[in-house]
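The values are calculated or read from the model by the stated rules, or taken from the named source; none is laboratory data. Being a predicted model, the structure only gives us computed values, none of them experimental. Methodologically, a virtual Cβ is constructed for each residue, glycine included, from the backbone with ideal geometry; neighbour enumeration extends over all protein chains shown. Each accessible area value is taken on the protein alone, full model and side chains, heavy atoms only, with ligands, DNA and RNA left out. Shrake-Rupley method; radii C 1.70, N 1.55, O 1.52, S 1.80 Å.
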Amino acid sequence: MEEGTAPDVPAPCLPYRVQYQLNDSAPVVLGEFAEGTAPPKIVLDLEDKEDVCFYKLDGFPRARASFSTCNSAAFAVGIGGISPPPMSLYPGSEEPMLFPVVQFTSELNRTDDGHWPPWDVKTSMEHWILAADTSRPYIWAPEYELYEGWYNIHLEVSLTTRFPTLMALSHGSVATYNETKAPEVLKGFYKYLPRRQYPPGTVMGIQHRMSRFRILEGPPELQEIPLHSEVPFSWEFEGFGSTYCFVDGKLSQNYGELECRSPFNVQLHDKRNHTLTVLMKDVCGNNFTVETKFGTWGYALTKVPADPYHELDG
């Protein structure tokens, strides 16, 4: 389908007459991982003469994922924007010639503190969708709680059919759904045009609570700061993500190429007032900004983020 084409508009159907014979079929059992209307069996050949549709696709199948996390509700995955939609076998038919199959998998990439979790906790997930209806998103919530951390995202979309003999004269180079956890309903089905939707290294964060600012501390209160000294600051956030520090508006780091970690030291070389801004971007895309002014006289907080828990209480 071309860019900008609505995902619920099928590719144009060009009628095409074929001759075939019905001589065999393979039964299919619905598996617990399947979602949507499952095809009852693979038809290896058809009988008599029929008008079927000939399709020319302008691109690979597509889908996108969204995630619900960082709150008290259960973690959930939403798969939407699936295209192309199921395509009719012949004009006016409700039987699809082709329909999309979506495989979503994810596994723990790293934890926030760098320590690997205990062996008996959940650190991976997998879900399959047979998209008989692409007009709505598919929402899936695992029945188990995943360990908090950064997770790799793998989303593959492909096409399949009950009528493989209408797709090609030979299937020697076409793979089938042979993944370990592929649903039984897809066993023996051919996989056409598989395409991964996200580049390697794409991650999402999972945490089971809302992020919040806890505290930022500097030198002891009411204590002057000597010139040409290092001024120590430390802070604490509930939740995790990436943290950036700005001294007088200029990015400064002590972790990796861009980030900063607590404790963080700044240099004081004159008697002017200076500003330290700490920006925490949590795994859900929320920003928390803390600002403090400091000088030879000491330091004082000038900006703190609103507490989301207090907002909920109100």
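Find, among the trypsin sites (Lys or Arg not before Pro) in segment 255-292, those assigned to loop by DSSP (not H, G, I, E, B) with at most 10 other beta-carbon atoms within 10 angstrom. Each step should come with its number before you reach the end.
Details: sites: Arg261, Lys271, Arg272, Lys281; in loops: Arg261, Lys271, Arg272.
Answer by residue number: Lys271, Arg272.
Between Ser234 and Gln267, what is the spin-label point distance in nm, taking each point 7 Å from the Cα along the Cα→C-beta axis?
With each label point 7 Å from Cα toward Cβ, the separation is 2.4 nm.
May I ask you to give the solvent-accessible area per residue for segment 134-268, in square angstrom, as obtained with a 1.4 angstrom probe? If you can, show how the numbers build up before the last one.
Working: 7450 Å² over 135 residues.
Roughly 55 Å² per residue, with all protein chains present.
Express the carbon and sulfur contribution to the solvent-accessible surface of segment 100-158 as a percent, rounded to the nearest whole number, probe 1.4 angstrom.
On the way: 1420 of 2920 Å².
Reported share for carbon and sulfur atoms: 49 percent.
When a/c reaches 1.5 or more, the comparison of a/b and b/c decides; with that in mind, is segment 170-281 rounded, prolate or oblate per its Cα gyration tensor? Write out the running numbers ahead of the final one.
On the way: a/c = 5.96, a/b = 3.34, b/c = 1.78.
Prolate, since a/c reaches 1.5 and a/b exceeds b/c.
Which order do peptides 124-131, 135-142 fall in by mean Cβ count within 10 Å, highest first? Please report the intermediate quantities before stating the final value.
On the way: 124-131: 20.1, 135-142: 14.0.
Going from most to least packed, we get 124-131, 135-142.
May I ask you to evaluate 6.51 cos²θ - 1.76 cosθ + 1.60, the Karplus curve with θ = phi - 60°, for each residue of segment 175-188 and list the ³J(HN,Hα) values in order in whole Hz, giving x for glycine and proline?
Each residue of segment 175-188 in turn: 7, 10, 7, 10, 4, 4, 9, 4, x, 4, 4, 9, 4, x Hz.
Quick query: amide H of Thr176 versus all other amide H atoms, modeled in the peptide plane; which residues come in under 5 Å with a sequence gap of 5 or more or a different chain?
The answer is Lys191.
Cross-link candidates for Lys303: which lysines have Cα within less than 19 Å, leaving aside residues fewer than 8 places away along the same chain?
Lys250, Lys281, Lys293
Under the definition of Cα pairs under 8 Å and six or more residues apart, what whole-number percent is the relative contact order of segment 102-142?
Values: 27 pairs, mean separation 19.9, N = 41.
After rounding, I find 48 percent.
Enumerate the amide H contacts of Ala76 below 5 Å, restricted to partners 5 or more residues apart or on another chain; note that Pro and chain-start residues carry no placed amide H.
Hits under the 5 Å cutoff: Ser68.
Give me the distance between the Cα centres of segment 92-125 and segment 198-247, rounded to whole Å.
Taking the Cα centre of each part, segment 92-125 and segment 198-247 sit 31 Å apart.
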